[in-house]
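Right, one structure below, let's go through it.
The values are calculated or read from the model by the stated rules, or taken from the named source; none is laboratory data. Since the model is a prediction, treat every value here as computed from it, not as a measurement. Virtual Cβ from ideal backbone geometry, glycine too; neighbours counted across all protein chains shown.
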Amino acid sequence: MRVGVFDSGLGGLTTWLACTRYLPTAEYFFFADTAHAPYGDRTAEEVCQYTRAAYAHFLELGVDALVIACNTATSAAVLPLRQQARMPVIGIEPAIKVALQESEGEILLLATELTVRGSKLAQLLRDRDGGGRVRALACPGWMEIIEEQAPDWRVRAQAYWCEHIEPALGAAQALVLGCTHYCWLREEISAWSGGMAVYDGNDGVARQLYRLLLQREPDSISTARAPLSLHFTATAAAARKQAAAAELLRNAGVELRLLPLSSA
Ligand code: DGL
């Protein structure tokens, strides 16, 4: 069983990791559109166009399902893509529902500019947040610090937190990470915020993927533990991105074989 995972960069690997907990033996293909990142600073039309290009890539690979591991691309492109897609497409959304259920008081959602402006988020808040507890904060520039993986990226990410996010916390008692890049800093964010509950949509996506494939291909589902491997490709700086991906995963305690796409 083949699963495609797509993001503008390395953030979507956090979603992929969640998927491997439910479907460790699936064959995963990761596509990072680094040539066009950050998506959060683009227009919805541009992001739709890039997402269509990623879809064409996965169509050629013959994947059984596509995971859009990018809140921004989901916000801009998942609905039109689903209308034409020949495979199930699962998008990621900010985990507002769980955050509202499990926490009290104000919730601060951190996301990219395009996600915060998007009509999909407005709809989600209308549907789920009648009490107006969720406040959204755009974090332009934060994704780039994480994506670049400079040696001092965590220090720079914390400086960004102190300058741009801490002053905006207000009465927030919980945080929602509405960009998969931020999930690489989940533990740090919890510490920087003084122990606030932190939510993201990765587990929800992974469970949805599992349920969907179980329904469609019950015989090819296996939850047996297996050594992880991932076919990895990026649209710019592919070798550097692959090395950064391996390093990030190693630091997260994940040893895996990263396979270049050509060996697919
Ligand atoms: N990981 C993407 C997301 O979840 C990053 C967006 C960007 O490229 O700006 O939104």
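Just one of the listed residues (Ala99, Ala26, Ala95, Ala76) is farther than 12 Å from Phe6 by Cα, at pLDDT below 95 and not polar (S, T, N, Q), namely Ala26.
Checking Leu79 against (1) touching a residue at least 60 places away in the same chain (Cβ under 8 Å); (2) part of a helix (DSSP H, G or I); (3) away from the ligand (no atom under 12 Å from the Cβ), which single condition isn't satisfied? The single condition Leu79 does not satisfy is (1). State whether one or more residues within the range 67-75 are within 16 Å of the ligand (Cβ to nearest atom), closer than 25 Å to Ala237 by Cα and free of Cβ contacts under 8 Å to residues at least 60 places away in the same chain. Yes, the range 67-75 has at least one match.
Under 22 Å from Gly91 (Cα atoms) and within 17 Å of the chain's Cα centre (by Cα), is that true of Ala252? No; evaluated as a whole, the condition is false for this residue.
Determine which member of the set Ala237, Ala171 is modelled with pLDDT of 95 or more, hydrophobic (A, V, I, L, M, F, W, C), on the phi > 0 side of the Ramachandran plot and over 19 Å from the mean Cα position of the chain (by Cα).
Ala237
If only residues of the range 1-49 that are assigned to a helix (DSSP H, G or I), under 19 Å from Cys179 (Cα atoms) and hydroxyl-bearing (Ser, Thr, Tyr) are counted, the one that is nearest to the ligand (Cβ to nearest atom) is Tyr39.
Conditions tested, residue by residue: (1) closer than 17 Å to Gly12 by Cβ; (2) not charged (D, E, K, R).
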{"residue": "Glu163", "(1), (2)": "no, no"}
{"residue": "His181", "(1), (2)": "yes, yes"}
{"residue": "Val198", "(1), (2)": "no, yes"}
{"residue": "Gln208", "(1), (2)": "yes, yes"}
{"residue": "Leu213", "(1), (2)": "no, yes"}
{"residue": "Glu217", "(1), (2)": "no, no"}
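Scanning the range 99-124 for residues that are assigned to a helix (DSSP H, G or I) and near the ligand (Cβ under 10 Å from one of its atoms) yields a count of 3. The set of residues from the range 127-168 being of a type in the set (D, E, K, R) and part of a helix (DSSP H, G or I) comprises Asp127, Arg128, Glu144, Glu147, Glu148, Arg154, Arg156, Glu163, Glu166.
Name the single residue, out of those in the range 86-98 being hydrophobic (A, V, I, L, M, F, W, C) and within 16 Å of the ligand (Cβ to nearest atom), that is nearest to Arg135 (Cα to Cα). Checking each candidate, the answer is Ile96.
Here is a check on your reading of the model: is Gly194 within 26 Å of Val63 (Cα to Cα), out of contact with any Phe, Trp or Tyr (no Cβ under 6 Å at 6 or more places or on another chain) and at pLDDT 95 or above? When the stated conditions are applied, Gly194 does not pass them.
Results for (1) in contact with a Leu (Cβ under 8 Å, 6 or more places away or on another chain); (2) in a strand (DSSP E or B), shown as yes or no for each residue.
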| residue | (1), (2) |
| --- | --- |
| Gly170 | yes, no |
| Leu175 | yes, yes |
| Ile189 | yes, no |
| Ala224 | no, no |
| Thr233 | yes, yes |
| Glu247 | no, no |
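Selection of the range 194-218 for residues being assigned to a loop (DSSP other than H, G, I, E, B), out of contact with any Asp or Glu (no Cβ under 8 Å at 6 or more places or on another chain) and on the phi < 0 side of the Ramachandran plot yields only Met196. Out of the residues in the range 52-66 that are more than 16 Å from the ligand (Cβ to nearest atom) and not in a helix (DSSP H, G or I), which is farthest from Leu110 (Cα to Cα)? Out of the qualifying residues, it is Gly62.
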